[in-house]
Amino acid sequence: MTTVSDIRQNSEVHDHVRELVASILSVAPDKIDEMQLLSLYGITSVELIDIAVKLEARFHISFVPETMSDLTCHLLSQNILALLSRG
């Protein structure tokens, strides 16, 4: 059963990922399509590492390197939520 807390957490994660990517690209968050590959926005590997480090610090998680390819904001958010659910 999905709780209000789960919905808030899901929304917070998605919003934070979109805002972080937008800040790296110097665009408004509403210009980021969550389903668009980050590479198509011109995100470099260095910027992706920066994003990962910031998200790891913010959510107290550790990404598995294999999950860091062909990413969209949506997939990145889903990875974070999966890691958070594991504790």
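Each reported figure results from applying straightforward, stated rules to the coordinates on display, with no laboratory input. All figures in this text were calculated on a predicted structure; none of them were measured in a lab. In this analysis, Cβ positions are derived from the backbone assuming ideal geometry, glycine residues included, and neighbour counts consider all displayed protein chains.
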For Met35, put the label point 7 Å out on the Cα→Cβ axis and report which residues of segment 65-82 keep their amide N under 14 Å from it. 72-75
Spatial extent of segment 4-86: Rg and Dmax, with the Cα atoms as the point set, Å: 11.9, 36
Residues Arg8, Arg58, Arg18 in order from fewest to most other beta-carbon atoms within 10 Å are Arg8, Arg58, Arg18
Taking amide H positions as placed 1.01 Å from N in the peptide plane, with prolines and chain starts having none, which residues 5 or more places from Thr72, or on another chain, fall under 5 Å of its amide H? Leu38
Apply the Karplus curve 6.51 cos²θ - 1.76 cosθ + 1.60, θ = phi - 60°, to the phi angles in segment 13-18 and return the couplings in whole Hz, x for Gly and Pro. 5, 4, 5, 5, 4, 4
Additional length obtainable on full extension of the chain from Ala82 to Ala28, 0.36 nm per residue less Cα span: 16.8 nm
Gain in span if fully extended, Ile61 to Ser5, counting 0.36 nm per residue against the direct Cα distance: 18.3 nm
